Each structure stands twice: as C-alpha cells, then as structure tokens.
Amino acid sequence: MNPEVIHDPKADLSTGRILLIDKPLRWTSFDAVNRIKRVILQDVLKDVEDPTTRKTLKKKLKVGHAGTLDPLATGLLIICTGPMTKQIMGIQAQEKEYTGTITLGAITPTYDLESEPEQHQPLEGITEESIRAAAAEFVGKISQLPPIHSAIRIAGERAYDLARKGAEVPIQAREIEIKEFSIGRIALPEVDFKVVCSKGTYIRSLAHDIGQKLGCGGYLSTLRRTRIGSYSAAEAVSPAAFLS
C-alpha cells in the first residue's frame with residue numbers, strides 16, 4: 001500500500017494527497033476532478049466569510065489528475081491535490097495496465113463505441129490461434145498511430161475537434177512499448193485481453209490495429225485501467241465516497 005495515498009474520505013485533502021478513484025462509466029476525467037475539487041473547496045471555505053480570502057483560497061487550491069481516462073473507460077484515475085500535484089508528471093510516466101474487450105468484425109471512426117460500428121466483415125477463418133498470434137506481433141517497442149478522435153493538440157487545436165469539423169487530421173505515429181498483450185476469453189466477435197504498456201499508448205488504436213492485422217476489423221468495446229505503476233484499482237474508491 002502506498003503511504004501517500006489517502007483512503008479516508010473525511011481526511012483533509014487540501015494539504016496534498018494522492019486519491020485513487022475508481023472512475024465510473026461515462027464520467028470524464030475532468031468530471032471527477034471538478035466534483036472532488038468542489039467538495040474540498042466546501043470544506044476549506046466553510047468558516048471563511050471574507051470574499052477576498054475566499055477568492056485567494058480558491059485560486060491557491062490545486063487539484064489535477066495523472067492520466068486521462070476516456071468516458072467509456074472505467075477504473076483507476078489518480079487525482080492529486082495541493083503540493084502532490086507536483087508528482088503528476090512522474091506518475092503519468094509510469095507503466096499502465098488495462099483489461100477490456102475487443103469486438104471483431106467491424107470498425108468505428110473513434111476506434112471505440114463513441115461512434116457506430118461500420119464496415120462489417122465476416123469472421124470466417126478467424127481462430128483462437130490467429131488471434132493470439134496477431135496479439136503477439138504487437139508486443140515490444142512498436143510505432144503506433146493515435147486515433148484522429150483523440151485529445152492530441154495539432155496547431156493549437158484538439159485532434160477530435162478537427163475530426164468533428166471534417167478537417168484533415170495530420171496525426172504523427174509515435175513509439176510506444178507493449179510489455180504484455182495477453183488474450184483471455186474468446187467468444188467471437190468478442191475477445192478479452194490484458195495489456196501492460198508504456199505512457200502514451202492508445203488501447204483504442206491497439207484494438208483497431210489488431211482488427212486490421214486479422215483482416216476483419218475491430219474496435220474497443222470495454223476498457224478498464226487496473227494499474228498505474230504501483231497504484232492499483234484494487235485500492236481505489238468510488239467518487240461517491242468523496243461526494244457524500
């Protein structure tokens with residue numbers, strides 16, 4: 001257990017803590033940060049009446065997350081408060097672990113279920129052996145092309161904003177490392193997996209790419225982040241524990 005992690009929702013969070021939150025489905029990472037920040041502010045300001053002091057305290061309070069989770073993903077979201085926000089970059093750089101499901105036989109523009117499946121393909125010839133062999137080809141240091149529907153900034157704009165406008169999105173490939181890509185349950189069209197990877201890896205792209213490798217298409221249908229470095233989702237608590 002990490003000693004700097006706070007597990008007591010009633011503790012003073014303004015002095016600098018690391019919170020392990022189990023992010024619910026459809027919450028954005030910023031939803032979690034903003035709601036927890038609101039709770040901390042209520043506690044910090046409860047006995048402060050002077051408007052200038054209240055404004056100063058609001059400005060000084062720092063709350064941030066160490067690694068975005070997409071709205072359709074659940075699991076470990078690390079939120080840092082106060083002086084511990086200085087640890088965010090270091091936490092983000094640590095390896096990540098995910099579990100989830102890839103659905104084969106179609107693609108989506110966003111590589112997940114934020115958009116509708118299209119270009120459906122038959123799954124004849126797709127076997128357990130071919131799936132496991134395809135997954136093995138992605139283990140190691142590889143060049144990965146992030147989704148055009150991502151938060152990467154291009155000339156000051158988010159890639160997903162450009163994509164929604166129908167503009168060309170000049171995404172550049174990046175080197176990442178897949179340390180483990182293991183296949184679990186196979187019940188076509190669904191394939192369960194576990195991935196251990198470096199910072200900057202897009203699991204949506206991995207799902208899309210393995211579908212392309214198999215020649216049938218694929219997209220990410222569920223995703224859960226289970227670990228960042230030594231921080232585990234098993235230690236995380238629901239946002240309700242901090243919002244009650």
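The values are calculated or read from the model by the stated rules, or taken from the named source; none is laboratory data. Keep in mind it's a predicted model, so treat the numbers as computed, not measured. Glycine also receives a Cβ, built like all others from the backbone with ideal geometry; neighbour counts cover every protein chain displayed.
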query = If you go through the stretch 15-38 one residue at a time, how many are assigned to a loop (DSSP other than H, G, I, E, B) and over 17 Å from Thr85 (Cβ atoms)?
reply = 5
Selection within the stretch 185-202 - within 13 Å of Thr103 (Cα to Cα) and either touching a residue at least 60 places away in the same chain (Cβ under 8 Å) or of a type outside the set (A, V, I, L, M) (or both) = Arg185, Leu188, Pro189, Glu190, Val191, Asp192, Phe193
ask   = Would you call Val169 at pLDDT below 95, among the β-branched types (Val, Ile, Thr), over 18 Å from the mean Cα position of the chain (by Cα) and over 24 Å from Arg26 (Cα atoms)?
value = yes
Number of the exception - Pro83 against (1) part of a helix (DSSP H, G or I); (2) buried (at least 17 other Cβ atoms within 10 Å of the Cβ) = (2)
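For (1) touching a Ser or Thr at 6+ places or on another chain (Cβ under 9 Å); (2) at pLDDT 85 or above; (3) crowded, with 16+ Cβ neighbours inside 10 Å, each residue gets a yes or a no:
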site: His7; (1), (2), (3): no, no, no
site: Asp12; (1), (2), (3): no, no, no
site: Thr15; (1), (2), (3): yes, no, no
site: Leu20; (1), (2), (3): yes, yes, yes
site: Asp47; (1), (2), (3): no, no, no
site: Leu57; (1), (2), (3): yes, no, no
site: Gly67; (1), (2), (3): yes, yes, yes
site: Ile78; (1), (2), (3): no, yes, yes
task = Quick one: count up the residues across the stretch 86-99 that are of a type outside the set (Ser, Thr, Tyr) and surrounded by 17 or more Cβ atoms within 10 Å (Cβ to Cβ).
result = 5
ask   = Here is a list of conditions, (1) within 20 Å of Ile126 (Cβ to Cβ); (2) modelled with pLDDT under 95, and Phe242 meets all of them except one; can you say which number that is?
value = (1)
